[in-house]
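> Please read through the structure below; I'll follow up with questions.
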Amino acid sequence: MNRLYIVVPCYKEEAVLPETSKRLKEKLTDLIKQGRIADNSRVLFVDDGSSDRTWEIITQLHRQDPMFSGVKLSRNRGHQNALLCGLDEASLHADTIISMDADLQDDIGAVDKMLDEYDKGCEVVYGVRSSRKKDTFFKRFTAQGFYRFMQAMGVDIVYNHADYRLLSQRAAKELLNFPEVNLFLRGMVPLVGFKHSEVTYERGERFAGESKYPLKKMLAFAFDGITSFSVKPIRLILSMGVAIFVVSVIMLLVFIIQKLLGHTVAGWASTICSIWALGGIQMMSLGIVGEYIGKIYNETKRRPRYIKETVLDQE
Ligand code: UDP
Ligand code: MG
């Protein structure tokens, strides 16, 4: 029988955990009754070094009901690392793993559809948002910009798919074999391959607590995703450099001809402007190249992606 693990990274989620655990328990109990999953299926919470009562709530849930289990990271490592740690732990016990956010913005009704796809032989099932009516205009606008920009920058990701997905044990183990420390799971999962499909669902509102992804983190996440998965920005810089160089050579020729014809060259302002513009472009380019070097630096250090402090038993 299919042993299912639902992996939920939690960072300061004390406000949503009681409700989330209740709804997930209902869902699992229902699936177990239908005989779709094994009766030792679990919900695995990963506490990403929260400073609030998150871990306390998780251990309490675990004591009351073996359906709930948990891993505590030694410190806050960010959503992607916490999620990977959860996949790591779950892949030791589960046949299938579904990852989702603690706030249940991603409709848990889609779990049934994901299992249907798994039964048809898919090892990776992406949850895709059909609409974002419930998101604020700002979130919708920035999120859509994010997917478009990623695609334009040459990163192959599934449109409107976040980290709500089903992985078979085999797919999860293969994903864990990717050694990189700059994690961008949305870009990595498609690289794993295997038979895959998508299920759509409506994205709801966060029912309590606030988003742990403010604009600043979201921009950093997008930037990380691009620089971890594509060298297109460096190519853009190169072509920009070539174009500017060609233009400047043409301008030089024009100026020489004008000088020979006896026209004095006016325009101190335009000279200064171009110096500033070129200086800016160079600095920006160096910055982007530097970003890639920084990534290489981080990868060569091979630091652990997460450190488990406590693992609650799973039996
Ligand atoms: N999260 C995490 N570590 C962090 C930030 C967020 O584990 O450093 C978790 C958070 O608890 C939630 C998920 O990542 O389960 C998504 O965060 P959130 O719902 O705040 O993001 P949004 O839906 O607003 O993009
Ligand atoms: Mg959310």
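The values are calculated or read from the model by the stated rules, or taken from the named source; none is laboratory data. Source: prediction; values computed, not measured. A quick note on method: Cβ atoms are made from the backbone with ideal geometry, for glycine too, and the neighbour counts reach across all protein chains shown. With ligands, DNA and RNA removed, areas are computed over all heavy atoms of the protein, side chains included. Shrake-Rupley method; radii C 1.70, N 1.55, O 1.52, S 1.80 Å.
> If you count the DSSP beta bridges with both ends in the chain, what percent of them are antiparallel, to the nearest 5?
35 percent
> Residue separation times 0.36 nm, minus the C-alpha to C-alpha distance between Ile288 and Leu238: what's the value? Don't skip to the answer; put the middle values down first.
Details: separation 50, 0.36 × 50 = 18.00 nm, distance 1.14 nm.
Separation in residues times 0.36 nm, less the Cα-Cα distance, equals 16.9 nm.
> Using Cα springs under 10 Å in a Gaussian network model of the chain, which residue among Ala277, Ala110, Ala94 shows the largest mean-square fluctuation?
Ala277
> Multiplying the sequence separation of Ala266 and Glu210 by 0.36 nm and subtracting their Cα-Cα distance, what value in nm do you get?
Between Ala266 and Glu210, full extension yields 14.4 nm more.
> If you take the charge dipole of region 206-273 about its Cα centre, with +1 on Lys and Arg Cβ and -1 on Asp and Glu Cβ, which of Ile234, Gly267, Ile250 is farthest toward its positive end?
Ile234
> What 222 nm value per residue comes from the helices of the chain, counting each DSSP H run with n ≥ 4 as -39,500 (n - 2.57) and dividing by all residues, nearest 500 deg cm²/dmol?
-17000 deg cm²/dmol
> Using 1/(1 + (r/R0)^6) with R0 = 22 angstrom and r between the beta carbons of Gln34 and Asp65, what's the FRET efficiency to the nearest 0.05?
Efficiency computed from Cβ-Cβ geometry: 0.65.
> Pick out which of Ile108, Ile281, Ile226 has the largest mean-square fluctuation in a Gaussian network model of the chain, springs linking Cα atoms closer than 10 Å.
Its mean-square fluctuation being the largest, the pick is Ile281.
> Let's test this: bin the Cα-Cα distances of region 83-157 at 5 Å from zero up to the farthest pair and state each bin's percent.
3, 11, 16, 19, 21, 16, 10, 3, 0
> Please compute, over every Cα-Cα pair in region 134-288, the percentage with a separation greater than 22 angstrom.
It works out to 62 percent of all Cα pairs.
> Under 12 Å from the Cβ of Phe221, count the other residues' Cβ atoms, weight Lys and Arg +1, Asp and Glu -1, and hand me the total.
+2
> Cut-off 10 angstrom, C-alpha nodes, Gaussian network model of the chain. Which of Leu84, Leu92, Leu31 fluctuates the most?
Leu92
> Which angle from 0 to 90°, rounded to the nearest 10, does the C-alpha axis of helix 215-229 make with the longest principal axis of the chain?
80 degrees
> Summarise the accessible area of the chain (1.4 Å probe, protein heavy atoms) by the percent that is carbon and sulfur. Walk me through the numbers before you get to the answer.
Values: 10060 of 16350 Å².
Heavy-atom surface of the chain belonging to carbon and sulfur, 1.4 Å probe: 62 percent.
> Dividing the alpha-carbon radius of gyration of the chain by 2.2 N^0.38 Å (N being the number of residues), what value is obtained? The partial results should precede the final answer.
Values: Rg = 24.8 Å, N = 315, 2.2 N^0.38 = 19.6 Å.
Against the empirical 2.2 N^0.38 Å value, I get 1.27 for the chain.
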